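Following: one structure in structure tokens, then a few remarks.
The values are calculated or read from the model by the stated rules, or taken from the named source; none is laboratory data. As the structure is a prediction and not an experimental result, all values here were calculated from the model. All Cβ positions, glycine included, derive from the backbone under ideal geometry; neighbour counts span all protein chains shown.
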């Protein structure tokens, strides 16, 4: 079975319970549409678990990217040739913004790792893709963290910018491709913002799966083979 979830934001217990609920096995695949980092207490524990699972595929989210960029700098050894970077005012402001946005939990867990494990984790996050396209049944699913910003029907996926894939919020009623077998799946925006309910939102061929796990909501998971929904 192929499963999709998103925006775990450090909710380790919900993540583990979800794997138990769906009876996730080596024969299954799980796509995580970004933003495991920050906010909840155990983001690094989730990432370390996913690192050991060859059938879990993590896409880049805006929080993951920000954590990666900052942790790379903070992990650098202080040398004369990089001192300017480490003392840059704009970087200091960026770090402060990240911490205030929930990055403190990621930083706390990251700094507790060994030097080798930190390097492994940064390499793992660096390999996150910006989008994935898979077929399940007779449908094609295009998966990104935030959707397809500034969408055009003739626009290739490779032409979308990082901002358009990780930050631009999806309009639920957006009509994408004329081919009705093509679906867009995204996270990033908690569905409560639109419906007031913590459940996966399906609007035409647009599926939004961020159910606000880190905001007193639930962790949602969708099985693409059966379209069954699971919640913790």
Exercise. Could you check region 113-189 for strands (runs of 3 or more DSSP E) lying wholly inside it with 1 or more residues that are out of contact with any helix residue (DSSP H, G or I) (no Cβ under 8 Å at 6 or more places or on another chain) and without any contact (Cβ under 8 Å) to a residue 24 or more places away in the chain?
Key: 131-136
Quiz prompt | Filter result for residue 88 (exposed (fewer than 14 other Cβ atoms within 10 Å of the Cβ), over 27 Å from residue 216 (Cα atoms) and at pLDDT below 95) | solution = yes
Practice problem: Look through region 1-12, keep the residues that are more than 11 Å from the chain's Cα centre (by Cα) and assigned to a strand (DSSP E or B), and return whichever of them is farthest from residue 188 (Cα to Cα). | Solution: 2
Quiz item: Are there any pairs, at least 6 apart or on different chains, whose C-beta atoms fall under 9 Å, with the first in region 208-228 and modelled with pLDDT under 95 and the second outside any loop (DSSP other than H, G, I, E, B) and crowded, with 24+ Cβ neighbours inside 10 Å, and if so, which?
Solution: none
Self-check item: Matching residues, region 13-30, being part of a helix (DSSP H, G or I) and surrounded by fewer than 18 Cβ atoms within 10 Å (Cβ to Cβ)
Solution: 13, 16, 17, 20, 21
Quiz item: Within region 190-217, can you find the residues that are touching a helix residue (DSSP H, G or I) at 6+ places or on another chain (Cβ under 9 Å), surrounded by fewer than 20 Cβ atoms within 10 Å (Cβ to Cβ) and not in a loop (DSSP other than H, G, I, E, B)?
Solution: 203
Quiz item: residue 123 fails exactly one of the following numbered conditions: (1) more than 19 Å from residue 66 (Cα to Cα); (2) loosely packed, with under 14 Cβ neighbours inside 10 Å. What is the number of that condition?
Solution: (1)
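Kindly check whether there is at least one residue in region 62-70 that is in contact with a strand residue (DSSP E or B) (Cβ under 9 Å, 6 or more places away or on another chain), assigned to a helix (DSSP H, G or I) and at pLDDT 95 or above.
Taking region 62-70 as the starting set, the residues that turn out to be in contact with a strand residue (DSSP E or B) (Cβ under 9 Å, 6 or more places away or on another chain) are 64.
Okay, now just the ones that are also assigned to a helix (DSSP H, G or I), so 64.
Remaining after also requiring at pLDDT 95 or above: 64.
So far as region 62-70 goes, yes, one or more of its residues are in contact with a strand residue (DSSP E or B) (Cβ under 9 Å, 6 or more places away or on another chain), assigned to a helix (DSSP H, G or I) and at pLDDT 95 or above.
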Quiz item: Considering only region 31-60, how many residues are in a strand (DSSP E or B) and touching a residue at least 40 places away in the same chain (Cβ under 8 Å)?
Solution: 4
Quiz prompt | Which numbered condition residue 80 misses (of (1) modelled with pLDDT under 95; (2) surrounded by 16 or more Cβ atoms within 10 Å (Cβ to Cβ); (3) more than 17 Å from the chain's Cα centre (by Cα)) | solution = (2)
Self-check item: Every pair of residues 6+ apart whose Cβ atoms lie under 7 Å, when the first sits in region 10-29 and is touching a residue at least 60 places away in the same chain (Cβ under 8 Å) while the second is assigned to a strand (DSSP E or B) and crowded, with 18+ Cβ neighbours inside 10 Å
Solution: 18/5; 18/221; 22/3; 22/221
Quiz prompt | Condition met for residue 107 (in contact with a helix residue (DSSP H, G or I) (Cβ under 9 Å, 6 or more places away or on another chain), within 24 Å of residue 4 (Cα to Cα) and not in a strand (DSSP E or B)) | solution = no
Practice problem: Please state which of the following conditions residue 175 fails to meet, knowing it meets all the rest: (1) over 16 Å from residue 31 (Cβ atoms); (2) under 20 Å from the mean Cα position of the chain (by Cα). | Solution: (2)
